[in-house]
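Have a look at the structure below, then the notes.
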Amino acid sequence: MDKRLQLLGLAQRAGKVVTGEEAVLRAIRSGQAAAVILAEDASDNTRKRFTDKCSYYDVPLWHMGTRTELGRAIGKPERVVIALTDPGFARAMRQKAE
């Protein structure tokens with residue numbers, strides 16, 4: 001988990017991260033999102049919304065960390081949902097998860 005959070009911070013510094021529910025939904029719909037990360041403590045409504053959207057648009061969705069851990073990883077306040085817009089970072093994140 002620690003390596004994935006470090007990678008998330010690197011993606012943020014590279015400008016390859018979109019945060020916030022509406023911004024992430026726009027990224028999913030426009031095809032910019034290579035992967036979506038949802039906090040494990042997200043509400044049921046948020047979890048369902050992003051599960052359905054990612055399934056429909058065929059975007060990988062991972063549940064990882066708490067909202068506090070995700071926010072800290074990218075140097076921002078609490079974040080519930082994060083989209084990676086770079087396929088390379090998404091691929092590296094998937095490899096770290098395995």
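The values are calculated or read from the model by the stated rules, or taken from the named source; none is laboratory data. Only a predicted model underlies this, so the values are computations on that prediction, with no experimental measurement involved. Neighbour counts run over all protein chains shown; Cβ positions are idealised from the backbone, glycine included.
Pick from region 2-22 the residues that are among the polar types (S, T, N, Q) and buried (at least 17 other Cβ atoms within 10 Å of the Cβ): which of them is nearest to L38 (Cα to Cα)? Working first, answer last.
Here is the first cut: in region 2-22, the residues among the polar types (S, T, N, Q) are 6, 12, 19.
Remaining after also requiring buried (at least 17 other Cβ atoms within 10 Å of the Cβ): 12, 19.
Values: Q12: 16, T19: 10 Å.
Among residues in region 2-22 that are among the polar types (S, T, N, Q) and buried (at least 17 other Cβ atoms within 10 Å of the Cβ), the one nearest to L38 (Cα to Cα) is T19.
Does region 55-98 hold any residues that are part of a strand (DSSP E or B) and more than 19 Å from D41 (Cβ to Cβ), and which are they? Working first, answer last.
Narrowing region 55-98 to residues part of a strand (DSSP E or B): 61-63, 81-84.
Passing the criteria: only L84.
Looking only at region 1-32, which residues are charged (D, E, K, R), outside any loop (DSSP other than H, G, I, E, B) and within 16 Å of F89 (Cα to Cα)? Can you show your working first?
Filtering region 1-32 down to residues charged (D, E, K, R) leaves 2-4, 13, 16, 21-22, 26, 29.
Next, from what is left, pick out any that are outside any loop (DSSP other than H, G, I, E, B): 2-4, 13, 21-22, 26, 29.
Within region 1-32, D2, K3, R4, R13 qualify.
Restricting the first residue to region 14-36 and requiring it to be at negative phi and free of Cβ contacts under 8 Å to residues at least 24 places away in the same chain, which pairs with a second residue that is surrounded by 14 or more Cβ atoms within 10 Å (Cβ to Cβ) and not in a loop (DSSP other than H, G, I, E, B) meet a Cβ separation below 9 Å and a spacing of at least six or different chains?
Within 9 Å, the pairs are R26/V18.
Mind checking whether some residue in region 39-52 is under 15 Å from A90 (Cβ atoms) and in contact (Cβ under 8 Å) with a residue 24 or more places away in the chain?
Restricting attention to region 39-52, the residues satisfying the condition of being under 15 Å from A90 (Cβ atoms) are none.
The answer is no, given that none of the residues of region 39-52 is under 15 Å from A90 (Cβ atoms) and in contact (Cβ under 8 Å) with a residue 24 or more places away in the chain.
When both residues are 6+ apart or on different chains and their Cβ atoms are under 7 Å apart, which pairs have a first residue that lies in region 53-71 and is at positive phi and at pLDDT 95 or above, and a second that is among the hydrophobic types (A, V, I, L, M, F, W, C) and surrounded by 15 or more Cβ atoms within 10 Å (Cβ to Cβ)?
none
Among the residues of region 61-82, count how many are in contact with a Leu (Cβ under 9 Å, 6 or more places away or on another chain) and closer than 13 Å to I37 by Cβ.
13
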